[in-house]
Amino acid sequence: MEKVVIIGSGCAGLTAALYAARANLKPLVLTGRQPGGLLTTTSVVENFPGFPEGVEGYELMVRMQKQAERFGAIIKFGTVEAADLSRQPFVLTVDGERVEAETLIVASGAGHRHLGLESEHKLENKGVTYCATCDGALPMFRNQPLVVVGGGDSACEEAMYLTRFASVVHLVHRRDTLRASPIMAERTLAHPKIKPIWNSAVSEVLDVSLDKVTAVRVQNLKTSEATVVNCAGVFVAIGHIPNTGVFKGSLNMDEQGYIVPKHGAATNVPGVFVAGDCADRVYRQAITAAGLGCAAAIEAERYLAARDE
Ligand code: NAP
């Protein structure tokens with residue numbers, strides 16, 4: 001029987017592990033399919049405080065893991081296939097094995113929604129990226145034309161952010177109006193460096209044979225006309241998919257599957273806490289996930305202490 005099981009090993013999960021370990025709770029961290037979480041897929045992280053020269057996403061996560069392990073956290077590669085939260089202790093099925101937990105911290109994160117193109121997949125991290133705040137300032141994108149795909153607040157935010165570095169930002173959206181909030185949409189469309197390409201979809205990212213992004217093939221969805229837009233980078237901002245499927249029906253979620261905390265890090269199930277991107281559709285930053293992981297671990301510790309009083 002584990003006192004604390006943490007589901008997820010991104011910034012939220014490993015920070016929760018650090019705090020729970022330092023509270024002598026010997027937390028068990030189940031890594032999920034992507035140990036270290038989304039940050040391991042990005043290159044240099046320049047906005048995590050304490051690293052003035054920036055730090056590789058992978059290295060940052062390795063350091064977080066080591067720090068948590070130093071105080072007794074146990075990291076186990078595994079994916080939660082089922083969760084029974086209807087009784088205490090909670091019962092998880094992890095790669096076919098049964099794990100019992102007195103408290104749970106769900107820090108399972110969210111994945112970027114992808115366009116689903118083969119060329120997109122092949123050029124990921126070679127010019128195709130899903131996070132302007134993480135990658136926008138890289139030298140390869142400076143003073144270059146860039147493409148942002150999407151029409152929501154994220155796409156607008158990414159496009160606005162990229163205007164600091166790009167020569168021009170082409171905003172490719174599948175309709176002729178933005179989904180983004182009016183103020184955001186207005187600001188985006190008024191920016192002289194942002195050029196919208198309406199009613200259009202990216203059908204291919206070029207050039208796989210050169211192993212880098214040189215352009216995108218864009219198809220007008222109304223006229224079927226195809227054009228090639230030169231660019232050094234493609235920022236896909238078409239939403240996220242929270243990794244919360246196994247908790248459907250037991251934890252309160254919004255219509256997109258983000259867990260809705262009851263207050264702070266608590267959920268509708270006493271003893272189950274939540275942290276990071278699986279419950280955050282607004283900020284989605286490494287540092288906010290880490291902060292929420294800290295909060296969830298403190299809540300779990302207090303819950304166990306109150307129960308044992
Ligand atoms: P979103 O609001 O769901 O927008 C996703 C956008 O991507 C939509 O414009 C959608 O097109 C497009 N899209 C979806 N699937 C696509 C596909 N397969 N191919 C091409 N385009 C596709 O997601 P988001 O922008 O990440 O925002 C998520 C939430 O966070 C929202 O509630 C948003 O308000 C919030 N947010 C707020 C801020 C802020 O306030 N500063 C910043 C970021 C996010 P359609 O419009 O045609 O559906």
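The values are calculated or read from the model by the stated rules, or taken from the named source; none is laboratory data. Just so you know, these numbers come straight off a predicted model, no measurement behind them. Neighbour counts are summed over all protein chains in view; Cβ atoms, including those assigned to glycine, are modelled from backbone coordinates with ideal geometry. Each accessible area value is taken on the protein alone, full model and side chains, heavy atoms only, with ligands, DNA and RNA left out. Shrake-Rupley method; radii C 1.70, N 1.55, O 1.52, S 1.80 Å.
Taking only C-alpha pairs under 8 Å that are 6+ residues apart, what is the relative contact order of the chain in percent?
Working: 738 pairs, mean separation 64.4, N = 309.
It rounds to 21 percent for the chain.
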Say the dipole of the range 119-242 comes from +1 at the beta carbon of Lys and Arg and -1 at that of Asp and Glu; which of Ser203, His170, Ala132 then lies farthest toward its positive end?
His170
Given the pairs Lys3/Lys262; Lys126/Lys195; Lys126/Lys193; Lys66/Lys248; Lys26/Lys66, which are separated by over 25 angstrom at their Cα positions?
Lys66/Lys248
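Treat every Asp and Glu Cβ in the range 170-309 as -1 and every Lys and Arg Cβ as +1, leave all other atoms uncharged, and give the resulting dipole magnitude about the Cα centre to the nearest 20 debye. Provide the component values of the computation, followed by the final result.
Details: 15 positive and 14 negative charges, 100 e Å.
With only Lys, Arg, Asp and Glu charged at Cβ, the dipole is about 480 debye.
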Which of Cys156, Ala297, Val91, positive extreme of dipole for the chain (C-beta unit charges)
Cys156
With the charge dipole of the range 32-81 built from beta-carbon charges (+1 for Lys and Arg, -1 for Asp and Glu) about the Cα centre, the Cα from Met61, Phe48, Val80 projecting farthest to the positive end belongs to Val80
Integer Hz, Karplus 6.51/-1.76/1.60 couplings in order for the range 80-87, x for Gly and Pro:
6, 9, 8, 9, 9, 9, 7, 8
With a 4.7 Å Cβ cut-off, tell me which Cys residues in the chain come up empty for a partner.
Cys11, Cys156, Cys231, Cys278, Cys294
Leaving out same-chain residues fewer than 8 places away, which aspartates and glutamates sit with a Cα under 12 Å from that of Lys122?
Glu204, Asp207, Asp211
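Can you bin the range 1-150 into rounded, prolate or oblate? Criterion: square roots of the alpha carbon gyration tensor eigenvalues sorted a ≥ b ≥ c, rounded for a/c under 1.5, prolate for a/b above b/c, oblate for the rest. It would help to have the intermediate numbers written out before the result.
Working: a/c = 3.19, a/b = 1.72, b/c = 1.85.
It comes out oblate by the Cα gyration axes.
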By its C-alpha gyration tensor, with a ≥ b ≥ c as the square roots of the eigenvalues, how is the range 41-129 shaped: rounded for a/c under 1.5, else prolate for a/b larger than b/c, else oblate?
oblate
Taking θ as phi - 60°, what are the ³J(HN,Hα) couplings along the range 111-116 by the Karplus curve (6.51, -1.76, 1.60), each to the nearest whole Hz, with x for Gly and Pro?
x, 6, 6, 9, 6, x
Segment Ile287-Ala306, extension gain: residue separation times 0.36 nm, minus the distance between their alpha carbons
4.0 nm
Magnitude of the Cβ-charge dipole (Lys and Arg +1, Asp and Glu -1) of the chain about the Cα centre, nearest 20 debye, reported as 360 debye
Can you give the extra length, in nm with one decimal, that the chain gains between Asp207 and Ser167 once fully stretched, where that is 0.36 nm per residue apart less the Cα-Cα distance?
12.4 nm
Quick one: grab the alpha carbon gyration tensor of the chain, order the square roots of its eigenvalues as a ≥ b ≥ c, and give me rounded if a/c is under 1.5, else prolate or oblate depending on whether a/b is larger than b/c.
prolate
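As a test, work out the antiparallel percent of DSSP beta bridges whose residues both lie in the chain, rounded to the nearest 5. Write out the running numbers ahead of the final one.
On the way: 27 of 57 bridges.
Approximately 45 percent, going by the DSSP bridge assignments.
Kindly report the accessible area of the chain per residue (heavy atoms of protein chains, probe 1.4 Å, no ligands, DNA or RNA), in Å². Don't skip to the end; give the middle numbers.
Working: 14880 Å² over 309 residues.
So the chain comes to 48 Å² accessible per residue, rounded to a whole number.
Mind ranking Leu38, Leu221, Leu138 by accessible surface for me, highest first, 1.4 Å probe? Walk me through the numbers on the way to the answer.
Details: Leu38 55, Leu221 95, Leu138 30 Å².
Reading off the accessible areas and sorting them downward yields Leu221, Leu38, Leu138.
For every helix of n ≥ 4 consecutive DSSP H residues, a contribution of -39,500 (n - 2.57) applies; sum these over the chain, divide by its total residues, and give [θ] at 222 nm rounded to the nearest 500 deg cm²/dmol.
On the way: 7 runs with 77 residues, N = 309.
Helices in the chain give a 222 nm mean residue ellipticity of -7500 deg cm²/dmol.
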The range 31-38 - phi-based ³J(HN,Hα) in whole Hz, Karplus 6.51/-1.76/1.60, Gly and Pro as x:
5, x, 5, 10, x, x, x, 4
Label-point separation in nm, Glu97 to Ser224, each point 7 Å along Cα→Cβ
5.5 nm
Kindly point out which whole DSSP H helices in the chain project their C-alpha atoms 27 angstrom or further along the helix axis while averaging a Kyte-Doolittle hydropathy of 0.5 or above.
286-308
With all protein chains in place and a 1.4 Å probe, Ile75 shows an accessible area in Å² (nearest 10) of 40 Å²
If amide hydrogens are placed 1.01 Å from N in the peptide plane, which non-local residues have theirs closer than 5 Å to the one on Lys195?
Val169, His170, Leu171
Computed for the range 22-105: size of charge dipole around the Cα centre, +1 on C-beta of each Lys and Arg, -1 on C-beta of each Asp and Glu, debye to nearest 20, value 280 debye
Built amide H within the under 5 Å cut-off of Val213, gap 5+
Asp207
